[in-house]
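Undergrad: Structure below; questions to follow.
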Amino acid sequence: MQLQRANNVADLRTQARRKLPHPIFEYLEGGADDEVSLSRNSAAFRELELLPDVLVDVSSVRTETTIFGQPCRWPLMLSPTGLTRMFHGHAELAVARAAARHGLPYCLSTMGTTRLEELGQAGSGPKLFQIYIFKDRGLTAEFVARCKDAGYHGLVLTVDTPVAGNRERDRASGLSLPPRLTLSSLLSFALHPSWSLQALTGSKFDLANVSHRVDALAAGPMSLFDYIGGQFDRAVTWRDLEWLAAEWNGPLAIKGVMTPADAEQSINCGATGVILSNHGGRQLDGAPAPADQISAVRARIGDGPDVICDGGVRRGSDVVKALALGATACSIGRPYIYGLAAGGEAGVDRVLSLLFEEFERTMTLAGVPDIAALGQRHVRRRS
Ligand code: FNR
């Protein structure tokens, strides 16, 4: 089977590229402006060297940990991605089931295409919900209440999106919602008939968690996007975080934090962890790679809070490096979507298996039998 022939994330990316119409693949791949942050996210890992311990008994490797209080098989989680149905008809449910099978937390996006209540029942893994503080605080409070009712284990507040980043690839490829039929996009959709048929018959662009807020869904996906786009609030501040933390009263991570000072303020305002992230290079271009911020953030906030490194992870060895620098875990976005696009739930399974094998092998080769033993002495920046 095709998936079994994929030896790594890059191979699955190649398969995803073949399956998706060009504008959809570009939407997945793209970053903001000149994509400087996007390319640095992965480059930062390549600049790090691993310093192995030798003559250590590594006949077994302990990889289990907790992320936001939830037990996990190894230190990885799956980041929120909007409009997941665009990449495969089984969408978020396929991702959540695969994540649960691998004992990893999955975070559903507010912009997801599956209702959070439906996802809450999929598989037995830890479930997180990614939330925004909207202009209408009532909408945010409604999400909090729904997440409590549906048994979510934690909330992830994304704070790097006061406005959408400048994604020039989407304009160049003609991606709009619904897709605009330019000559080249028409050709690309025609070359991917099974995808296009699904898009026409299914509801690929339905923001399932907010659609009830828009009376006239019949008016089409644009009205939904207009509604949610109008809800983004540039005036959100730390005060609002305090409000959300009190409202939720459970594990709460702030996603999009980049500096030690903001990490500290997040914890002081009621967060239980931070997700170092530049949104996969899709928001502020020029923001540093999350991997480069781990040590300084950990030094500032101490051992207690979770610090997740999100962006650029393409190998299990990247996770080992992040942990050595002081991260609790890493998070992935595009890699699991490559798997989803390539082969649905089985494709996500394949990505997670490959990354785990790489992680465990790297730990063994580095002579570290327990993730708790990983430390700064195992990693250095290439001079
Ligand atoms: C994202 N990301 C994102 N983040 C978020 O907080 N809410 C969202 O709805 C989305 N949507 C989204 C869609 C797509 C297609 C991508 C690629 C990314 C960002 C995501 O959670 C994560 O931060 C990055 O994907 C991590 O970088 P890598 O792993 O893709 O390099």
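Read-outs: derived from the displayed coordinates by stated rules, not from any lab. Note that the coordinates shown come from a computational prediction; the quantities given were computed from them, not determined experimentally. Backbone-built Cβ (ideal geometry, glycine too); neighbour counts: all protein chains shown.
Undergrad: Given the -39500 (n - 2.57) contribution per DSSP H run of 4+ residues, what per-residue ellipticity at 222 nm results for the chain, rounded to the nearest 500 deg cm²/dmol?
TA: Taken over the chain, the calculation gives -12500 deg cm²/dmol.
Undergrad: Next question, about the same structure. Nearest 0.05, what FRET efficiency do R300 and S196 give at R0 = 56 Å with Cβ-Cβ as r? Please list the in-between numbers first.
TA: Numbers: r = 49 Å, r/R0 = 0.88.
Step by step, r from the Cβ atoms, then E = 0.70.
Undergrad: Additional query: Just to be sure I understand: with springs between alpha-carbon atoms less than 10 Å apart, which residue in I254, I133, I308 has the highest mean-square fluctuation in the Gaussian network model of the chain?
TA: In this elastic network of the chain, the residue with the biggest mean-square fluctuation among I254, I133, I308 is I133.
Undergrad: Calculated FRET efficiency, R18 and E49, Cβ-Cβ r, R0 30 Å, to nearest 0.05?
TA: Efficiency, rounded to the nearest 0.05: 0.30.
Undergrad: Give the lysines whose C-alpha is closer than 27 Å to that of K321, dropping any in the same chain fewer than 8 places away, or say none.
TA: The reachable lysines, counting only those whose Cα sits under 27 Å from K321, are K127, K255.
Undergrad: Normalised by the number of residues in the chain, what is the relative contact order in percent for Cα pairs under 8 Å and 6+ residues apart? Could you put the intermediate results ahead of the total?
TA: On the way: 795 pairs, mean separation 112.2, N = 383.
Reported relative contact order: 29 percent.
Undergrad: Here's a follow-up. HN-Hα J couplings of the range 60-74 from phi, Karplus 6.51/-1.76/1.60, θ = phi - 60°, integer Hz, Gly and Pro as x?
TA: 9, 10, 8, 10, 5, 7, 10, 10, 6, x, 9, x, 9, 5, 7
Undergrad: Would you kindly state how much longer the chain becomes between T237 and A261 on full extension, computed as 0.36 nm times their sequence separation minus their alpha carbon distance, in nm to one decimal?
TA: The span from T237 to A261 would gain 7.2 nm if fully extended.
Undergrad: Please enumerate, by chain and number, the aspartates and glutamates with C-alpha under 15 Å from the C-alpha of K148, excluding those fewer than 8 residues away in the same chain.
TA: E117, E118, E247
Undergrad: Which whole DSSP H helices in the chain pass both tests: a Cα extent of 30 Å or more along the axis and a mean Kyte-Doolittle value no lower than 0.0?
TA: What comes out of the filter, once short or polar helices are dropped, is 334-365.
Undergrad: Rank-order 335-346, 106-117 by packing density, defined as the average count of other C-beta atoms within 10 Å over each peptide's residues, highest first.
TA: Going from most to least packed, we get 335-346, 106-117.
Undergrad: Now for a separate question. Which lysines have a Cα less than 20 Å from the Cα of K19, not counting those fewer than 8 places away in the same chain?
TA: Reachable lysines: K204.
Undergrad: Here is a further query. Assuming R0 = 30 Å, can you tell me the calculated FRET efficiency for the pair D170 and R213, based on Cβ-Cβ distance, to the nearest 0.05?
TA: Values: r = 25 Å, r/R0 = 0.83.
The calculated FRET efficiency here is 0.75.
Undergrad: Ok, one more. Checking a compactness column here: for the chain, what do you get for Rg(Cα) / (2.2 N^0.38 Å), N being the number of residues?
TA: 0.95
Undergrad: Which order do peptides 60-68, 298-306 fall in by mean Cβ count within 10 Å, highest first?
TA: The packing order, highest mean first, is 60-68, 298-306.
Undergrad: Provide the per-residue ³J(HN,Hα) series for the range 367-383, in order, calculated from phi with Karplus coefficients 6.51, -1.76, 1.60 and θ = phi - 60°, each as a whole number of Hz, with x at glycine and proline positions.
TA: Values, residue by residue: x, 10, x, 8, 4, 5, 8, 5, x, 4, 5, 8, 9, 8, 6, 4, 8 Hz.
Undergrad: Across 10 Å bins from the origin, how do the percents of Cα pairs in the range 104-164 run, short distances first?
TA: With a bin width of 10 Å, the distribution comes to 22, 57, 19, 2.
Undergrad: What is the magnitude of the charge dipole of the chain about its Cα centre, with +1 placed on the Cβ of each Lys and Arg, -1 on the Cβ of each Asp and Glu, and no other charges, expressed in debye to the nearest 20?
TA: In debye, rounded to 20, the chain gives about 720.
Undergrad: For a quick check: sort D318, D53 by the number of other beta carbons within 10 angstrom, fewest at the front.
TA: D53, D318
Undergrad: While we're here: Indicate the gyration tensor shape class of the range 251-383 (rounded, prolate or oblate), computed on the Cα atoms with a ≥ b ≥ c the square roots of the eigenvalues: a/c under 1.5 is rounded; otherwise a/b larger than b/c is prolate and the rest oblate.
TA: Oblate, because a/c is 1.5 or more while a/b does not exceed b/c.
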